[in-house]
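To start, the structure itself, in structure tokens.
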Amino acid sequence: METGVLSKDDDKFLDSVEQANYLFFWERCNPQTGLVRDRYTVRGADKGGVASIAAVGFGLSALCIADERGYLSHSPVRDRVLATLRFFWKKMPNHRGFFYHFADVNTGERQWDSEVSSVDTAILLCGILTCREHFHHEEITELATEIFNRVDWDWLSEDTTLLPHGWMPEIGFLPHRWDGYSELMMMYLLGLGSSSHPLPDEAWNAWKRTTFEYDGLRYIGAFAPLFIHQYSQAWFDFRDKRDHYADYFQNSTIATDVHRRFCLGLGKQFPNYSNDLWGITASDSVHGYVAWGGPPAVGPIDGSVVPAAAGGSLPFLPQACMRVLRTIRDKYGDRAWCRYGFVDAFNPLRNWYDPDVVGIDTGITMVMAENVRTGFIWNTFMKNPEAKRGMERAGFKAYTP
């Protein structure tokens, strides 16, 4: 990561972003269950009541940041974490330790016939383990350890080294496998780091690492949105480390720059795209939720901008991403900014501004803003023996780039 790239003004700006972001996870969370809303309508009547377990994982990490920075006093934050872990250990429906993707924010019951999600459970676990290392509280430590050790990676991998996307009581395992580079790294590393139900060694080598080339730059990637290069690196610190295949931090840096160049290349078609304004990743759109990105182009790209694309990539390209976030805040003001930070997406060409914020996009922005400022989430999470063991078993070694 570039050093010395954040000015005092940059740091102050990102602090204002984080202070807005944490409010989402504090206010749009049921304090009895700890379940965090998947999304919230900030402009207009909000009628939702569905939580996502991935948003809880980001939310628990956000609480650690809020506590560390003094955005909230310590006792209420600790008590919220305790309530969350107690609910997830004792009451939250699960199958072999894995949780349903979407749940009722008040009861924890499965919503929308969602799957027991392997990767969303992994995001939740990352938040839980971050809390265990940050708070050093006896009951938090005990509950976090119990929840993590209950996750049965053996069951998920009993007939395959390529983990399935999930399981449903109606049909069993989903047919799709985590078989190529994506946000899967955190999940495989957590499974390798488990002491109760560890994945086999060969699981790390089972998934494909496809090489792409764009504008003379080569990197491992996928036909997928930009967030695949962000999520695992919100918690796992890949800086100055590599396995047999790659330096994944440098790989995400290249992939982010490639995405920036890709957007600039669309400038003739969408004149709002420039060095001041770029970035698309899975998000809302004029026509609903879209998994879009590139290169190569994925989804019906229409000139929309997703703040979490730059926000979640802050550690990789700090100056370029700061430029985008400042442009959004300065040029589009309250149309693209709200109580909880940036709206999920907007399209200035169509004068469309999302009325919603989305938990995981708010979360990746907050966590990566803190990581680029202090490395706090990286430094805290990587104290976990499970994280260290997972990276060791995957063959990661420190090196000088």
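The values are calculated or read from the model by the stated rules, or taken from the named source; none is laboratory data. Everything numeric in this text was worked out from a predicted model, so none of it was measured. Methodologically, a virtual Cβ is constructed for each residue, glycine included, from the backbone with ideal geometry; neighbour enumeration extends over all protein chains shown. Each accessible area value is taken on the protein alone, full model and side chains, heavy atoms only, with ligands, DNA and RNA left out. Shrake-Rupley method; radii C 1.70, N 1.55, O 1.52, S 1.80 Å.
Sum up the charges of everything whose Cβ sits under 10 Å from the Cβ of residue 221, counting Lys and Arg as +1 and Asp and Glu as -1, but leave residue 221 out.
Details: positive: 209, 218; negative: 213.
Net of charged neighbours comes to +1.
Ranked highest first by the average count of other Cβ atoms within 10 Å around their residues, in what order do 129-137, 5-13, 60-68 fall?
Working: 129-137: 22.1, 5-13: 13.2, 60-68: 25.9.
Result, highest mean Cβ count within 10 Å first: 60-68, 129-137, 5-13.
Provide the net charge surrounding residue 136, with neighbours chosen by a C-beta distance below 15 Å and charges set as Lys +1, Arg +1, Asp -1, Glu -1.
Once all neighbours under 15 Å are counted, the net charge is -3.
Kirkwood Rh, Cα Rg: Rg to Rh for segment 59-179? Don't jump to the answer; show the numbers that get you there.
On the way: Rg = 15.4 Å, Rh = 15.3 Å.
Reported Rg/Rh (Cα atoms, Kirkwood Rh): 1.01.
Expressed as a whole percent, how much of the Cα-Cα distance distribution for segment 245-308 exceeds 18 Å?
Details: 723 of 2016 pairs.
Within segment 245-308, distances greater than 18 Å cover 36 percent of Cα pairs.
Starting from one equal scatterer on each C-alpha and no solvent at all, send me the Debye-based log10 I(q)/I(0) for segment 180-226 at q = 0.14, 0.17, 0.21, 0.24 Å⁻¹, two decimals.
-0.44, -0.58, -0.76, -0.87
So what does residue 100 come to for accessible area, using a 1.4 Å probe and Å² rounded to 10?
Counting only protein heavy atoms, residue 100 exposes about 30 Å² to solvent.
Treat each spin label as a single point 7 Å out from the Cα along the C-beta direction, and report the residue 331 to residue 211 distance in nm.
3.6 nm
Suppose every Lys and Arg Cβ carries +1 and every Asp and Glu Cβ carries -1, with no other charges. What dipole size does the chain come out with about its Cα centre, to the nearest 20 debye? Walk me through the numbers on the way to the answer.
Numbers: 40 positive and 50 negative charges, 138 e Å.
The dipole of the chain has a size of about 660 debye.
For the chain, what is the mean residue ellipticity at 222 nm derived from helices alone (per DSSP H run of n ≥ 4: -39500 (n - 2.57); sum divided by total residues; nearest 500 deg cm²/dmol)? Working shown, then result.
Details: 15 runs with 178 residues, N = 401.
Roughly -13500 deg cm²/dmol at 222 nm, from the helical runs in the chain.
All other residues with a Cβ under 12 Å from the Cβ of residue 267 taken together, and with Lys, Arg as +1 and Asp, Glu as -1, what is their net charge?
On the way: positive: 260, 261, 268; negative: 276.
Here the charged neighbours net out to +2.
With the alpha-carbon atoms as the only input, what is the per residue convex hull volume for segment 185-321 in Å³? Working shown, then result.
Details: hull volume 16.5 nm³, N = 137.
Cα-based convex hull of segment 185-321, divided per residue, equals 120 Å³.
Over the Cα atoms of segment 1-88, each weighted equally, I'd like the Debye log10 I(q)/I(0) at q = 0.12, 0.26 Å⁻¹, rounded to two decimals.
Listed by q, the Debye log ratios stand at -0.43, -1.27.
I want to check the label-to-label distance for residue 383 and residue 91. Put each point 7 Å from Cα in the C-beta direction and report it in nm to one decimal.
Here the answer is 3.0 nm between the modelled labels.
Take every Cα pair under 8 Å in the chain that's 6+ residues apart, average their separations, divide by the length, and report that relative contact order as a whole percent. Please report the intermediate quantities before stating the final value.
Details: 758 pairs, mean separation 79.4, N = 401.
Relative contact order comes out at 20 percent.
How big is the charge dipole of segment 68-209 about its Cα centre, in debye rounded to the nearest 20, if each Lys and Arg gets +1 on its Cβ and each Asp and Glu gets -1 on its Cβ?
On the way: 13 positive and 21 negative charges, 76 e Å.
About 360 debye.
Over segment 220-274, average the accessible area per residue using a 1.4 Å probe and give it in Å², no decimals. Present the calculation step by step, with values, prior to reporting the outcome.
Details: 1930 Å² over 55 residues.
For segment 220-274, the per-residue accessible area is 35 Å².
Out of 51, 61, 73, whose Cα points farthest toward the positive end of the dipole of segment 43-104 (charges: +1 Lys, Arg; -1 Asp, Glu; placed on Cβ)?
51
Charges at C-beta only: +1 for Lys and Arg, -1 for Asp and Glu. How large is the resulting dipole of segment 45-140 about its Cα centre, in Debye rounded to 20?
Values: 10 positive and 12 negative charges, 29 e Å.
The dipole of segment 45-140 has a size of about 140 debye.
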